Amino acid sequence: MDSYDVLVIGGGPAGYVAAIRAAQLGFKTACVDAFERGGKASLGGTCLNVGCIPSKAMLDSSEKFEVMQHDFADHGINVQGATIDLGKMLGRKAAVVDKLTGGVAYLFKKNKVTSFFGLGRLVRQDEGAWVVDAAGTEVKAKHVIVATGSSPRALPLAPFGGHVVDNSGALAFEGVPGQLGVIGAGVIGLELGSVWRRLGAQVTVLEALPGFLMAADDAVAREAQKQFQKQGLAFHFGVNISRVEQDDTGVSVTYTEKEQEVTARFDKLIVSIGRVPHTAGLGAEAVGLALDERGFVKVDGHFRTNLPGVYAIGDVIGGAMLAHKAEEEGVALAEMLAGQAGHVNYDVIPWVIYTSPEIAWAGLTEKQAKEKGLKVKTGQFPFSANGRALGHGDPRGFVKVVADAQTDKLLGVHMVGPNVSELIGEVVAIMEFGGSSEDLARTVHAHPTLSEVVKEAALAADKRSLHM
Ligand code: FAD
């Protein structure tokens, strides 16, 4: 029986990064992953195959179409008769995914990580090592890392199938739906809803919560909702869905909103109401791997499960269900196994929504900081007062800085506007070093760039912004 120092179950961002880092640290490493795309093994998990990467490829294609239709004329560029070749757009998306998933396979080879394609199942403990069924072959491993990720949460009233789709289905419609329903106004619903609206669908978003993006800063959420409504996304909050019926041509959704019963008809319905931990096929029950009441694998601060030698990371342990959080856990765990001080700073995780305008934040919102009893000061600066944003023709949104009123320490930065997915990077770096709003304000920012808005927001926290 082949024997490994580290065997990783799951080849998504948590698992493949853990495997590469473990191999770099000198462990004999293998990874078993069951993801299949087009009948073939495809490493990279949800993120590379049906999540982060294909959604961004479609967001970029659809945004180009939108900008060309609505903004080119302002730049003095006239384009007539633009049409969409959806097959080609989807083909481009698939090519981007192929390149990246193939890239993970290349990295495994380069780092001498053995790759198994199929299910990984914990079998038994045997003389201090674990026996794992890796795609039908029994192997031994001293350390097993469970990185089996998550799956879309289904709505019991509307199981996936037919015209009711999850994220995978919503990234592969064969035609642009005329009427598209989206249940859930979270990150995935907003991103996928935006893609199809830009391509011509009438999009209606149904949300059970009473308000929009309640995890974001209030000012950011208000501005984003205003912009999305202007684009034509229709939102209904506080809805209670009571019936979902499919027939050959579409789906009827009956819901109550403000005590009124409404039935809406859609050609397609995306259900994006969150994700659930994926542990099926892992043999968790048979070996006694402890899960919490919601099905997440229980771990301590060192990613140790209740079974000695078995660890878990990524979406399957809960917390922020984000690829970069999963990757950092992979690195930290591999380093801990090598006797190093692996660490993830959960207080400074960037959150990004890749809509237009984009939304990004890190750290505490103003409300959260106040709830913690902190005295805060805030500074806000709009993109409409920034030369680069005006040159681009996209001056929507602002940056808001939240700092401790006594120490000036940066507590959180919140953004809605052009390219803020990139702007959040410098903020995270400064927060990681425990920096202050003065540090951000005194850092030289290139002119003319969008990043000057971040600097000006930090200056505004001290009531000394220069360009407003
Ligand atoms: P996964 O990526 O789910 O990988 C788990 C892997 O394990 C899969 O390949 C699965 O097939 C495999 N597996 C499961 N059980 C077994 C088993 N028993 N044996 C073998 N293999 C098994 N996050 C971001 O940070 N940025 C984004 O822009 C973003 N966009 C997203 C867009 C969409 C539409 C979706 C759905 C998600 C998005 N996410 C994004 C979230 C991100 O995809 C996840 O947080 C990330 O993939 C989690 O990584 P993971 O390795 O924990 O799990």
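Values in this text are rule-based calculations from the coordinates and carry no lab data. All of these numbers come straight from a predicted model, not from anything done at the bench. In this analysis, Cβ positions are derived from the backbone assuming ideal geometry, glycine residues included, and neighbour counts consider all displayed protein chains.
Some points to look at:
- For the range 277-291, Karplus couplings with θ = phi - 60° (6.51, -1.76, 1.60), whole Hz, Gly/Pro x: x, 9, 10, 4, x, 8, x, 4, 5, 4, 9, x, 6, 7, 10
- Proximity of backbone amide H atoms, modeled 1.01 Å from N, is registered between HIS445 and no other residue at under 5 Å, excluding neighbours fewer than 5 places apart on the same chain.
- Neighbourhood net charge (13 Å Cβ-Cβ; Lys/Arg +1, Asp/Glu -1) for CYS31: +2
- Lacking any other cysteine beta-carbon closer than 4.7 Å, the following Cys residues of the chain have no compatible partner: CYS31.
- Cα centroid of the range 53-77 to Cα centroid of the range 378-400, whole Å: 20
- Kyte-Doolittle mean at least 0.0, axial Cα span of 24 Å or more - DSSP H helices of the chain: 86-110
- For GLY149, net neighbour charge (Lys/Arg +1, Asp/Glu -1) across residues whose Cβ lies under 11 Å away: -1
- On full extension, the segment bounded by THR249 and ARG92 gains 53.7 nm, given 0.36 nm per residue less the C-alpha separation.
- Dipole moment magnitude, nearest 20 debye, the range 211-350 about Cα centre, only Lys, Arg, Asp, Glu C-beta charged: 180
- For the range 42-48, backbone phi angles converted through the Karplus equation (6.51, -1.76, 1.60; θ = phi - 60°) give residue-by-residue couplings of 8, 5, x, x, 4, 4, 7 Hz, Gly and Pro being listed as x.
- The chain, dipole about Cα centre (Lys/Arg Cβ +1, Asp/Glu Cβ -1), debye to the nearest 20: 440
- Taking the Cα centre of the range 350-462 as origin and assigning +1 to Lys and Arg Cβ atoms and -1 to Asp and Glu Cβ atoms, the resulting dipole is close to 300 debye.
- Spacing of the two label points (7 Å from each Cα toward its C-beta) at LEU25 and MET468, in nm: 4.5
- Counting DSSP beta bridges with both ends in the range 12-146, the antiparallel % (nearest 5): 75
- All lysines inside 22 Å of LYS325 as judged from Cα atoms, apart from same-chain residues fewer than 8 positions distant: LYS56, LYS298
- Along the range 397-402 the Karplus relation, 6.51 cos²θ - 1.76 cosθ + 1.60 evaluated at θ = phi - 60°, assigns HN-Hα couplings of x, 6, 10, 10, 9, 10 Hz to successive residues, with x for each Gly and Pro.
- Computing FRET efficiency as 1/(1 + (r/R0)^6) for ASN111 and ILE241, where r is the C-beta to C-beta distance and R0 is 51 Å, gives about 0.60.
- Listed by chain and number, the aspartates and glutamates whose C-alpha is less than 16 Å from the C-alpha of LYS88, apart from same-chain residues fewer than 8 away, are ASP60, GLU63, ASP98, GLU174.
- Separation between Cα centres of the range 218-276 and the range 79-143, rounded to whole Å: 34
- Proximal lysines relative to LYS109, as straight alpha-carbon distance under 18 Å, when same-chain residues fewer than 8 apart are discounted: LYS28, LYS40, LYS99
- Isotropic mean projected area of the C-alpha convex hull, the chain (nm²): 24.8
- Relative packing of 388-396, 219-227, which averages over residues the other C-beta atoms within 10 Å, highest first: 219-227, 388-396
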